[in-house]
Structure formats: structure tokens, C-alpha cells
Amino acid sequence: MDYSTMIRIATLLFAVFFITACSTRQEGANFKGSTEQRLVTYSIDHMMQNLTPEDMGIIVGQKLLLKSHFVIDNQVVKYAHQRLQAELADRFQVNFVETPEQADYRLDMFYTSLGTDRDSAGLSIPIVNLSDPEQSAIVNILAIDMYHGIAEGNFYLTELANGKVVKKGKIHSRVKSDKFSTPFFSFPISHID
């Protein structure tokens, strides 16, 4: 093989790799499947367990007004709010109140992500069915399909007597359900049962 043929083959392989190695991102809107539900709820559970005594030690046994904020109001946000409330009550013996006048502190949790991400990367060959594109397939040469539940948020703890933010921070969690694939075998790597 001469040098120019090797360059052409390398260029072709390089182009195929970049065409097929693109990743895609999507988020689930309905949480209909069990895997998606578990990825989301497990990531929320793990995020709440990441609250440390260093973060919340100041509110042990105190009266707390808890507020959750997100760009949309849905059942997932309500679940996250209730899960945060349960964690604070169990681990930090917080007494929840309904109005600022009754509270010693206010905790504002600003969720930045409560959902799933799906990525795929690697070397794959698309097989396109031109008569019915929905029936197209992908043959994975060496690829990974990544399906993650992501929960993250920023919290601000305000002492209401003086209006000062006494603690702030970020907590997050990523729960994975990945699958490595080749033409001959695939195997899962998952944080869920």
C-alpha cells in the first residue's frame, strides 16, 4: 500500500469515527418507565444523603421554613421537596413551620436538575432503512450507552432573626445505568438493582 492510499483510508476511518461518535442528550418528560423513575428517584435520594452535618449542623432541633424552587412545578419537584423534608427531620431533628414568623431559619433549595440524561458515544455503524427510517438500526463496534439520573441543587440557609445567609452550598448526585457494547457482547454497569 502506498502512502496516499493509507492517508485516504485513515481519513475515511477518521470521518466515520466522528460521524458515529457524536453524543445525543435528551431528558425524560413523563417518567413512564421503571428504569427512568428509578434513576431519578435514586439520584434524588443520594443527593439528600449528601447533606452533611457541616452543611446543616446549625439547624439541629431548630424551627425551619423549607422552600423548594425549580423552573417547572411537577411531581418530581414535590417528591424532591418531601424527600428533603424527610432527610432533615430524620438526620437533623428539624421542626418544620409554615410561616417566617414561626421559623428560626429558612432553607431555600434551588434545584438545577431533576431528570435523566442519555448519551451514547463510541464507534457505531448506522444501517439506514430508506423505506422506513423508524426501522433503522445501529451496529455498535465499540460503544457505550449512558443513561443517568441527575439531581443537583444549590441551597441557601438564612437566619431569619437578622436576614443573613449563614450557609450555602451545592449538592448533587448522578446515578448510572450504562451499557458497553460490541458486535459480539454487551454488559451493563449500573447503580440500580
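The values are calculated or read from the model by the stated rules, or taken from the named source; none is laboratory data. Keep in mind the model is a prediction, meaning the values are calculated, not measured. So basically every Cβ, Gly included, is an ideal-geometry build from the backbone, and we count neighbours across all protein chains shown. Surface areas here come from the heavy atoms of the whole protein model, side chains and all, with no ligands, DNA or RNA. Shrake-Rupley method; radii C 1.70, N 1.55, O 1.52, S 1.80 Å.
Restricting the search to the range 85-96, which residues are outside any helix (DSSP H, G or I) and crowded, with 17+ Cβ neighbours inside 10 Å? Spell out the reasoning first.
Taking the range 85-96 and keeping what is outside any helix (DSSP H, G or I), we get 93-96.
Across the range 85-96, the qualifying residue is only V94.
With buried (at least 17 other Cβ atoms within 10 Å of the Cβ), in a helix (DSSP H, G or I) and either in contact with a strand residue (DSSP E or B) (Cβ under 7 Å, 6 or more places away or on another chain) or not hydrophobic (A, V, I, L, M, F, W, C) (or both) as the only criterion, which of M47, M109, M56 stands out? Let's see the steps before the verdict.
Values: M109 fails: in a helix (DSSP H, G or I); M56 fails: either in contact with a strand residue (DSSP E or B) (Cβ under 7 Å, 6 or more places away or on another chain) or not hydrophobic (A, V, I, L, M, F, W, C) (or both).
Unique residue meeting the criteria: M47.
Is it true that K176 is assigned to a strand (DSSP E or B), in contact with a strand residue (DSSP E or B) (Cβ under 8 Å, 6 or more places away or on another chain), under 22 Å from F70 (Cβ atoms) and open to solvent by 40 Å² or more (accessible area, probe 1.4 Å)?
Working: assigned to a strand (DSSP E or B): yes; in contact with a strand residue (DSSP E or B) (Cβ under 8 Å, 6 or more places away or on another chain): yes; under 22 Å from F70 (Cβ atoms): no; open to solvent by 40 Å² or more (accessible area, probe 1.4 Å): yes.
Answer is no for this residue.
Within the range 155-162, identify whether any single residue is in a strand (DSSP E or B), touching a residue at least 24 places away in the same chain (Cβ under 8 Å) and open to solvent by 50 Å² or more (accessible area, probe 1.4 Å), and answer yes or no.
Taking the range 155-162 and keeping what is in a strand (DSSP E or B), we get 155-159.
Okay, now just the ones that are also touching a residue at least 24 places away in the same chain (Cβ under 8 Å), so 155-159.
Next, only the ones that are open to solvent by 50 Å² or more (accessible area, probe 1.4 Å) stay: 156, 159.
Within the range 155-162, one or more residues are in a strand (DSSP E or B), touching a residue at least 24 places away in the same chain (Cβ under 8 Å) and open to solvent by 50 Å² or more (accessible area, probe 1.4 Å).
Of the residues that sit in the range 131-148 and are assigned to a strand (DSSP E or B) and out of contact with any Asp or Glu (no Cβ under 8 Å at 6 or more places or on another chain), which one is least open to solvent (accessible area, probe 1.4 Å)? Let's see the steps before the verdict.
Going residue by residue through the range 131-148, those that are assigned to a strand (DSSP E or B) are 137-148.
Retained after the next criterion (residues that are out of contact with any Asp or Glu (no Cβ under 8 Å at 6 or more places or on another chain)): 137-143.
On the way: A137: 49, I138: 114, V139: 57, N140: 46, I141: 63, L142: 117, A143: 10 Å².
My answer is A143.
Taking the range 179-193, which residues are within 15 Å of A121 (Cβ to Cβ) and surrounded by fewer than 12 Cβ atoms within 10 Å (Cβ to Cβ)? Before you say what the answer is, go through the steps one by one.
We begin by selecting, within the range 179-193, every residue within 15 Å of A121 (Cβ to Cβ); these are 179-182, 186, 189.
Answer for the range 179-193, where residues must be within 15 Å of A121 (Cβ to Cβ) and surrounded by fewer than 12 Cβ atoms within 10 Å (Cβ to Cβ): just I189.
Answer yes or no as to whether Q82 is over 24 Å from S34 (Cβ atoms), at pLDDT 95 or above and open to solvent by 50 Å² or more (accessible area, probe 1.4 Å).
No, not satisfied.
Filter the range 62-79 for residues that are over 21 Å from K170 (Cβ atoms) and either in contact with a Gly (Cβ under 6 Å, 6 or more places away or on another chain) or open to solvent by 50 Å² or more (accessible area, probe 1.4 Å) (or both) and give the result.
Result: Q62, K63, D73, Q75, K78.
Kindly check whether there is at least one residue in the range 20-35 that is open to solvent by less than 40 Å² (accessible area, probe 1.4 Å), closer than 30 Å to S190 by Cα, in contact with a helix residue (DSSP H, G or I) (Cβ under 7 Å, 6 or more places away or on another chain) and modelled with pLDDT under 90. Spell out how you get there, then give the answer.
Of the range 20-35, the ones open to solvent by less than 40 Å² (accessible area, probe 1.4 Å) are 20-21, 28, 31, 33.
Narrowing the set further to residues that are closer than 30 Å to S190 by Cα leaves 20-21, 28, 31, 33.
This time we only want the ones that are in contact with a helix residue (DSSP H, G or I) (Cβ under 7 Å, 6 or more places away or on another chain), so: 28, 31.
Restricting the remaining residues to those that are modelled with pLDDT under 90 gives 28, 31.
Among the residues of the range 20-35, at least one is open to solvent by less than 40 Å² (accessible area, probe 1.4 Å), closer than 30 Å to S190 by Cα, in contact with a helix residue (DSSP H, G or I) (Cβ under 7 Å, 6 or more places away or on another chain) and modelled with pLDDT under 90, which makes the answer yes.
Of all residues in the range 94-146 being at pLDDT below 90 and among the polar types (S, T, N, Q), which is nearest to L65 (Cα to Cα)?
Only one residue tops the list, namely S120.
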